[in-house]
Each structure stands twice: as C-alpha cells, then as structure tokens.
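> Questions regarding the structure given below will be posed in turn.
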Amino acid sequence: MITVIGSINMDLVTITKKEPALGETVMGESFFTVPGGKGANQAVAAAKLGVPVKMIGCVGYDLFGEQYINHLKDHQIDIEHVRRLKNEKTGIASITVWNNDNKIIVVPGANKRITPEMVESHREEILKSSWLLLQFEIPLESIEKALEIAAEGNVNVILNPAPYHEIPENWLDKITYITPNEAEAKQLFSAFANKESLLPKLIITKGKDGVEYFSKGERVTIPALNVEAVDTTGAGDTFTGALAVALSEGLPLKESCQFAVKAAGFSVTKLGAQAGMPSRSDLNKETENR
Ligand code: RIB
C-alpha cells in the first residue's frame with residue numbers, strides 16, 4: 001500500500017498568451033477548474049497505475065471538497081482518512097499557464113489542519129504502508145511526525161520538497177529519496193552542511209532534460225520522453241507517484257526512474273495536473289511502440 005499524506009487542492013487554471021505586469025489587465029485564452037494539490041496529484045498518479053493508494057488529508061465542507069472526495073473515489077483511492085472539515089475551505093491553487101510553463105499561488109485552507117495529532121491518529125495506517133509520500137504543502141511539524149512514525153516501522157519515504165522549504169538535517173536518515181526539481185535541488189544543496197549524505201537521496205527532476213541522481217558519487221541521467229509539452233503542471237507529482245509505484249514493485253532505482261520519467265512525459269501532454277497521467281496500459285503501449 002502506498003500512503004500519501006498531503007495537500008488536496010482544487011486548481012483554478014487560467015491559460016494566457018501574455019503575462020500581466022503588476023497593475024496591468026490582459027485578456028486570457030481560457031479558464032478551467034480541475035483537481036490538483038501535490039499530495040492528491042501523487043496519489044492519483046500512483047492509483048492510475050493500478051496500485052492500492054491511501055490518502056490522508058483534509059478538505060473543507062464546500063463544493064470543491066465534495067467534488068474532490070468523489071474524484072478520489074472514482075480513482076479507487078482509499079479516502080477513509082480524508083476529513084471534511086466544517087468552517088474550513090478546500091485548498092485552492094491559482095495557476096497561470098503561459099509560454100509552456102506555469103506560476104502557482106496556493107491557498108492551503110483545510111490542508112493547514114493536517115496537524116501532528118491528526119498524523120498520530122493514523123499511526124497504524126502509516127505503519128502498514130510500503131511507501132509513504134510527503135510534500136511541503138502541509139504543516140512542517142506534521143511532516144516531521146509522519147517521518148518519526150515511518151522510521152519506527154521502517155516504512156520507505158519519498159519527500160517531494162515542494163514548494164521549497166529547507167529540510168532539517170536530522171530528517172535525512174528517515175527519508176529514502178527526495179525528489180526536488182532543479183531549482184529546489186540547488187537550494188537544498190546549498191542549505192545542507194552534510195552534502196555527502198544528501199547526495200545519494202536526491203532524484204532531481206529536470207523537465208525536458210529528464211531526471212538525474214547519483215550512484216556511488218557518479219551522476220546518472222535518465223532522458224525524458226520526447227513529447228510536445230502542453231502543460232507541465234503536476235509533472236513532478238506524476239514522477240514521484242510513479243516512482244513510488246515502481247519501487248514498491250521491487251524495481252531497481254534506475255528502472256524505477258525510467259518508469260516514472262515515462263509517466264511524467266505522458267502527464268505534460270494534456271492540460272491540467274492530472275488529466276495526462278497515464279494508466280499502466282498507456283505505459284505498456286508506449287514501450288511496445290518503440
Ligand atoms: O504540483 C502541481 C500542484 O501544485 C498543482 O496541482 C497545485 O494544486 C499545486 O499544489
């Protein structure tokens with residue numbers, strides 16, 4: 001079982017050909033509302049690949065919350081531990097997509113209510129997991145609590161350090177892999193005193209340049225799928241979710257990264273964080289067609 005403790009956001013996406021300057025109004029191309037949030041994106045990426053996934057998180061008692069719960073159910077994700085909170089709003093992300101890239105502002109809403117106490121109340125679920133996925137869209141102290149519990153039960157952990165926040169050095173031995181993008185990796189690396197111990201944990205997603213990690217001090221590069229990117233939102237989440245799937249099935253790191261890079265390649269071919277995430281048969285077909 002892969003367990004995700006993390007954010008659930010509704011993404012409010014605007015497509016524009018021109019980015020407004022401060023104080024300027026521009027006319028956009030289109031607008032849509034789709035499920036997102038780094039935690040839920042990773043859960044959906046893994047579930048679409050056909051493995052059991054449990055989501056631990058919070059939504060508000062509002063329309064977005066209700067829509068999101070149904071969406072997770074539709075993807076066969078175990079939502080027993082997703083709480084609907086009165087007096088809270090479901091988290092949202094205001095996303096502007098232009099020039100094949102995006103800018104995102106997250107308003108966490110109910111995601112802030114994933115407290116260490118809530119994490120503690122899911123101790124048994126965490127301990128039953130083979131892999132635990134964490135990101136930085138929920139309170140830091142809750143991530144710390146989840147790491148403590150996972151370490152007690154030798155549960156493997158992938159931390160996706162996004163949006164960027166420093167990782168306390170004493171967390172490192174509780175984390176199996178860290179999946180930053182290039183910018184996050186640079187910040188992490190310069191903030192870390194013990195670079196030697198950080199390096200083997202890093203799997204860096206580099207967009208069209210694929211993925212990079214370090215094995216016995218040597219740099220290993222996994223090339224990206226050659227696709228036309230329409231929207232890169234959620235590509236890193238797809239990578240992390242798919243990586244957990246491959247690792248949980250016992251694939252070695254290199255093959256796991258190849259599998260996950262391929263999944264991330266699919267994800268950028270459609271608009272929205274989750275629409276392009278592939279199923280297992282999508283990935284198999286792609287391999288056969290090569
Ligand atoms: O990683 C992409 C995600 O970041 C979006 O879906 C948005 O909700 C923000 O959390």
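The values are calculated or read from the model by the stated rules, or taken from the named source; none is laboratory data. Since we're looking at a predicted model, the values are computed, not measured. Neighbour counts are summed over all protein chains in view; Cβ atoms, including those assigned to glycine, are modelled from backbone coordinates with ideal geometry. When the accessible area is computed, the model is the full protein with side chains, heavy atoms only, and any ligands, DNA or RNA have been set aside. Shrake-Rupley method; radii C 1.70, N 1.55, O 1.52, S 1.80 Å.
> Report the normalised scattering of the stretch 114-241 as log10 I(q)/I(0) at q = 0.10, 0.19 Å⁻¹, calculated by the Debye formula with identical scatterers on the alpha carbons.
Each listed q corresponds, in turn, to -0.33, -1.10.
> Report, as a whole number in µm² per second, the diffusion coefficient that Stokes-Einstein gives for the chain at 20 °C and 1.002 mPa s using the Kirkwood radius over alpha carbon pairs. Write out the running numbers ahead of the final one.
On the way: Rh = 19.0 Å.
After rounding, the answer is 113 µm²/s.
> If one computes the Cα centroid of the stretch 171-196 and of the stretch 209-269, what distance in Å separates the two points?
For the stretch 171-196 versus the stretch 209-269, the Cα centre distance is 18 Å.
> Now, a different point. Could you pull out every residue, at least 5 positions away or on a different chain, whose amide H is within less than 5 Å of the one on residue 210? Hs are placed 1.01 Å off N in the peptide plane, and Pro or chain starts have none.
Close amide H contacts, sequence-distant or interchain: 224.
> Can you compute the equivalent ellipsoid semi-axes for the stretch 250-290, i.e. the square root of 5 times each eigenvalue of the Cα gyration tensor, sorted largest first and rounded to whole Å?
Numbers: eigenvalues 70, 32, 13 Å².
Values for the stretch 250-290, descending: 19, 13, 8 Å.
> Each residue of the stretch 255-265 in order: what ³J(HN,Hα) in whole Hz does its phi give by Karplus 6.51 cos²θ - 1.76 cosθ + 1.60, θ = phi - 60°, with x for Gly and Pro?
After applying 6.51 cos²θ - 1.76 cosθ + 1.60, I find 5, 5, 5, 4, 4, 6, 5, 5, 4, 5, x Hz.
> Hey, another quick one. What ranking do 42-55, 158-171, 242-255 get when scored by the average of other Cβ atoms within 10 Å per residue, highest first?
Descending packing order for the listed peptides: 42-55, 242-255, 158-171.
> Using θ = phi - 60° and the Karplus form 6.51 cos²θ - 1.76 cosθ + 1.60, what ³J(HN,Hα) does each residue of the stretch 93-103 get, whole Hz, x for Gly and Pro?
For the stretch 93-103, the Karplus curve yields 10, 8, 10, 10, 10, 7, 6, 6, 9, 9, 10 Hz.
> Would you please state the base-10 log of I(q)/I(0) at q = 0.09, 0.17, 0.19 1/Å for the stretch 1-126, with intensities from the Debye formula using one equal scatterer on every alpha carbon?
Each listed q corresponds, in turn, to -0.29, -0.86, -1.00.
> What whole-number value in Å² describes the accessible area per residue of the stretch 152-290 for a 1.4 Å probe?
Value for the stretch 152-290: 47 Å² per residue.
> Right, next: Using the Karplus curve 6.51 cos²θ - 1.76 cosθ + 1.60 with θ = phi - 60°, work out ³J(HN,Hα) for each residue of the stretch 63-80 in order, rounded to whole Hz, and write x for Gly and Pro.
The phi angles translate into 4, 4, x, 5, 4, 5, 4, 5, 4, 5, 4, 4, 9, 6, 8, 5, 10, 4 Hz.
> Could you work out the relative contact order of the chain? I mean the mean sequence separation of Cα pairs under 8 Å and 6+ apart, divided by the number of residues, in percent. Mind showing how you got there, number by number?
Values: 652 pairs, mean separation 52.6, N = 290.
Computed value for the chain: 18 percent relative contact order.
> Using a probe of 1.4 angstrom, how much of the accessible area of the chain is carbon and sulfur, in percent?
It is 51 percent, rounded to a whole number.
> Tell me which trypsin sites (Lys or Arg not before Pro) from the stretch 70-159 have a DSSP coil assignment and no more than 14 other beta carbons within 10 Å of their own.
Answer in residue order: 86, 128.
> Here is a follow-up. Whose amide H sits under 5 Å from the amide H of residue 11, counting only residues 5 or more places off or on another chain, with H placed in the peptide plane?
Residues meeting the criterion, in which the H sits 1.01 Å from N, are 34, 36, 93.
> With a 1.4 Å probe and all protein chains kept in place, how much accessible area does residue 32 have, in Å² rounded to the nearest 10?
Answer for residue 32: close to 40 Å² accessible.
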